[in-house]
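I have placed the structure first, in the form of structure tokens, so that the comments after it can refer back to it.
Coordinate-derived values only; no laboratory data. Since the structure is predicted, the reported quantities are computational estimates derived from the model, not experimental observations. Don't worry about glycine lacking a Cβ; one is built from the backbone with ideal geometry, like all the others, and counts go over all protein chains shown.
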Amino acid sequence: MATEAATIRRRRSSAASSWVDRHIRWLLVSPAILIIVALTIFPLGFSLWVSFVQYDFSLGEEHPWVGLGNFRVNWVDPVWRHSLYVTAVLATLNVVVELALGFLLALAMLRPFRGRRVLMTLFVLPLFMSPVIVGGFFDLFVRRPFGPTNWLLGKLLGHPVTIDFTNDAYWPFFSLIVADAWQWTPFMFVILLAGLSSIPDELYESARIDGAGRWAQFWHVTLPMLSPALFFASVVGVLFAFQSFGQIDILTQGGPVDASKVVLYSIYQEGFQNFRYGAASVQAIVLFFILLALTLAQFRLLAGRVFYR
């Protein structure tokens with residue numbers, strides 16, 4: 001009997017081991033799959049369902065089906081359409097400013113000089129800060145009456161300055177662009193510096209031998225060789241710019257009078273302040289498809305112009 005029991009145990013152990021061997025790849029990836037389902041697939045499916053029902057806590061557990069009603073109501077909302085315009089303008093300005101500043105910094109840091117490592121460390125520090133911290137810092141810097149910005153401008157211009165950088169006309173836009181550029185220009189700087197560093201010096205030597213000046217070298221050597229880095233930086237920069245939230249929440253709260261209200265802040269207000277989860281879900285879905293369309297358009301229009309050596 002003891003021998004039979006031992007034989008059965010060995011067979012069971014061998015069968016279990018064989019099953020594990022056959023399914024080891026699925027066992028190894030199953031934790032990641034569960035996390036993706038829990039944190040991505042389920043919320044996405046739930047958001048899609050909420051966008052087609054009237055999800056209102058006042059109705060209790062009843063959530064009547066409204067089909068495309070939430071989409072129609074959202075589309076005719078002038079505040080929502082204005083937030084799309086504000087997002088497009090702010091994102092475009094942010095990407096252009098950050099690409100230009102990042103490129104200039106990359107050019108300045110390309111050649112070794114004394115103190116270069118210290119400066120590069122200081123340049124990339126804002127990249128590791130939370131947008132809320134960056135927004136709070138700039139809020140302290142520009143907020144009247146305690147922020148020193150007006151005092152510094154008054155000393156520089158020679159007359160008193162009383163600008164409200166978070167409420168006056170277009171100044172909130174300026175404040176948001178400066179805050180966003182301060183944080184995300186280092187990202188562009190790192191990407192473009194890597195691209196510039198990868199360009200062989202032999203190409204510039206050949207261009208000089210052929211009689212090309214600095215401007216010709218820039219157009220015919222630097223830009224083509226840097227195009228992969230510029231393409232990557234522009235695609236990622238647009239995605240980041242369309243998802244600005246922390247600095248807007250701290251500096252302007254979408255004001256004055258919705259002048260700086262972007263799509264992501266509108267989603268936050270509808271979902272977590274007005275508790276209109278259907279409208280918030282619709283706006284999130286529309287934002288997803290806008291970003292998808294922009295990314296595909298960038299690949300279609302720019303990918304063919306990228307030079308890969």
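Contact map, the range 133-148: first residue closer than 14 Å to residue 163 by Cβ, second residue in a loop (DSSP other than H, G, I, E, B), Cβ cut-off under 7 Å, separation 6 or more or different chains; pairs are 141/147; 141/148; 142/165; 142/166; 143/166; 144/164.
Inspection of the range 277-292 finds a residue satisfying the criterion of being surrounded by 13 or more Cβ atoms within 10 Å (Cβ to Cβ), under 16 Å from residue 85 (Cα atoms) and in contact with an Asp or Glu (Cβ under 9 Å, 6 or more places away or on another chain). In the range 35-91, which residue that is under 20 Å from residue 266 (Cβ atoms) and among the acidic types (Asp, Glu) is nearest to the chain's Cα centre (by Cα)? Among those residues, the one meeting the criterion is 77. With the structure loaded, tell me whether residue 121 is surrounded by fewer than 14 Cβ atoms within 10 Å (Cβ to Cβ), under 30 Å from residue 198 (Cα atoms) and of a type in the set (S, T, N, Q) or whether it fails that test. The answer is yes for residue 121.
In the range 246-282, what residues are among the polar types (S, T, N, Q) and closer than 28 Å to residue 127 by Cα? Correct list: 247, 252, 253, 260, 266, 269. Residue check: residue 261 meets all listed conditions (1) in contact with a Leu (Cβ under 9 Å, 6 or more places away or on another chain); (2) buried (at least 16 other Cβ atoms within 10 Å of the Cβ) but one, namely (1).
Return a yes/no flag: does the range 107-115 have any residue that is in contact (Cβ under 8 Å) with a residue 24 or more places away in the chain and in a helix (DSSP H, G or I). Checked the range 107-115: at least one residue is in contact (Cβ under 8 Å) with a residue 24 or more places away in the chain and in a helix (DSSP H, G or I). Total residues in the range 81-98 satisfying the condition of being surrounded by 20 or more Cβ atoms within 10 Å (Cβ to Cβ) and not hydroxyl-bearing (Ser, Thr, Tyr): the figure is 6. All conditions but one from (1) at positive phi; (2) surrounded by 14 or more Cβ atoms within 10 Å (Cβ to Cβ) apply to residue 174; the one that does not is (1). For the range 269-289, the set of residues classified as free of Cβ contacts under 8 Å to residues at least 60 places away in the same chain and under 16 Å from the mean Cα position of the chain (by Cα) consists of 287, 288, 289, listed by residue number.
For the range 266-273, the criterion of a residue being of a type in the set (A, V, I, L, M, F, W, C) and surrounded by 16 or more Cβ atoms within 10 Å (Cβ to Cβ) is satisfied by at least one position.
Quick one: which helices (runs of 4 or more DSSP H) lie wholly within the range 192-309 and hold at least 3 residues that are within 22 Å of residue 48 (Cα to Cα)?
The helices (runs of 4 or more DSSP H) meeting that bar are 263-268, 277-302.
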